[in-house]
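The values are calculated or read from the model by the stated rules, or taken from the named source; none is laboratory data. Quantities reported herein were computed from a predicted structural model and do not represent experimental measurements. With ideal geometry, Cβ positions are generated from the backbone for all residues, glycine too; neighbour counts draw on all protein chains shown. Calculation scope for accessible area: heavy atoms of the full protein, side chains included, ligands and nucleic acids excluded. Shrake-Rupley method; radii C 1.70, N 1.55, O 1.52, S 1.80 Å.
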Amino acid sequence: MPLEFELAVQNPAGMRIARDLGAARVELAQALALGGLTPSRGTLRSVLDAAGESGPEVHVLIRPRAGGFHYGRDALEVMIHDVRDVLAAGAHGVVVGCQDGSGALDRDALARIVDAADGASVSLHRVIDVTPDPLASLRIARDLGLRRVLTSGCASRAADGIDTLRELVAEADGRIEVMAGGGIDASSAVAVIATGVDAVHFSAKRTIVSDGAVRMGSASDGVGAHEVTDRDTAHAIVAALRQSASSAA
């Protein structure tokens, strides 16, 4: 394949799908219906066990609450403790994002998180898409030594943010990875990777409601529903990526 891909998962079953597909990484979170929150240590241990010695790397989302990315002192301290704890437990990296009062990236907070990671991989999540100047945000992330940024090109779906994705790739200039994510499916994957991004991120999720029925989309609109990684959807996206690589060869 011409680029890496990362699967967003919430449990060991998701990790097993990512492992079977040959993902480079998983982003591990809980409550994806809320945009993702820091997973429990039990979840992390179980996912690491499912990965085995040769499975995808596990990068843990560090987000103490839903509802934006402007954190006060207490929330930031929680994040720093979580960074240290998940890395000590065996995670390969962390995924973070903080804004200051103006909406720009909180450089000082991110610097503290990078310091807490102590050389481990730190990725910036889609907070970049809600900052006033995504190119400036990319430069901050690059200057602070973050490994990559996850972005939809400031659109709801990466397929609608193609122009901005191209601008971010040009600005990165190979010194920080640009990973596209946000509503990526089999029909949009090829157009997204044509922007020159280094990696693609997707969740391939489906919703299971309490009566056992299955529906596609988000679980956030109902009580008693939860989301899982859908193997068939994930396979279709990866097949589209591989088809694109074969056509380009």
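Observations on the structure shown:
- Computed over the alpha carbons of region 56-139, Rg followed by Dmax gives 12.2, 36 Å.
- Region 23-67 - Rg and Dmax from Cα coordinates, angstrom: 11.0, 36
- Percent of beta bridges antiparallel (DSSP, the chain, rounded to nearest 5): 25
- Computed from the Cβ-Cβ distance with R0 of 22 Å, the FRET efficiency linking Asp74 to Asp115 stands at 0.75.
- Each peptide in 200-207, 165-172 gets a packing score, the mean of other Cβ atoms within 10 Å over its residues, and the list from highest to lowest is 200-207, 165-172.
- For region 49-60, putting each phi into the Karplus relation 6.51 cos²θ - 1.76 cosθ + 1.60 with θ = phi - 60° gives couplings of 4, 5, 5, x, 6, 10, x, x, 5, 10, 10, 9 Hz, in residue order, rounded to whole numbers and with x for Gly and Pro.
- For the chain, the solvent-accessible area with a 1.4 angstrom probe is 43 square angstrom per residue.
- Shown here: region 157-208, whose C-alpha atoms stretch 41, 17, 14 Å along the first, second and third principal axes, sorted largest to smallest.
- Rounded to the nearest 20, the Cβ-based charge dipole of region 147-207 about its Cα centre (Lys and Arg +1, Asp and Glu -1) stands at 320 debye.
- One quarter of the surface of the convex hull around the alpha-carbon atoms of region 1-142 equals 8.6 nm², the direction-averaged projected area.
- GNM on the chain, alpha-carbon springs under 10 angstrom: the most fluctuating residue among Ala180, Ala141, Ala120 is Ala120.
- Here's the picture: charge each Lys and Arg Cβ at +1 and each Asp and Glu Cβ at -1 in the chain, and of Ser244, Gly52, Gly101 the one pushed furthest to the positive end of that dipole is Gly52.
- Amide proton proximity set for Val95, modelled H, under 5 Å, gap of 5+: Val60, Leu61, Ile62, Ser123
- Heavy-atom accessible area order for Ser54, Ser123, largest first, 1.4 Å probe: Ser54, Ser123
- Full extension of the segment from Val190 to Ser54, taken as 0.36 nm per residue of separation minus the current Cα-Cα distance, would add 46.2 nm.
- Based on the reciprocal of the average 1/r between different C-alpha atoms, the Kirkwood radius for the chain equals 18.1 Å.
- Rel. contact order, % - alpha carbon contacts under 8 angstrom, at least six apart, the chain: 16
- Under 5 Å, built H, 5+ apart or other chain: amide partners of Gly55: none
- Label-point separation in nm, Ala89 to Arg157, each point 7 Å along Cα→Cβ: 3.4
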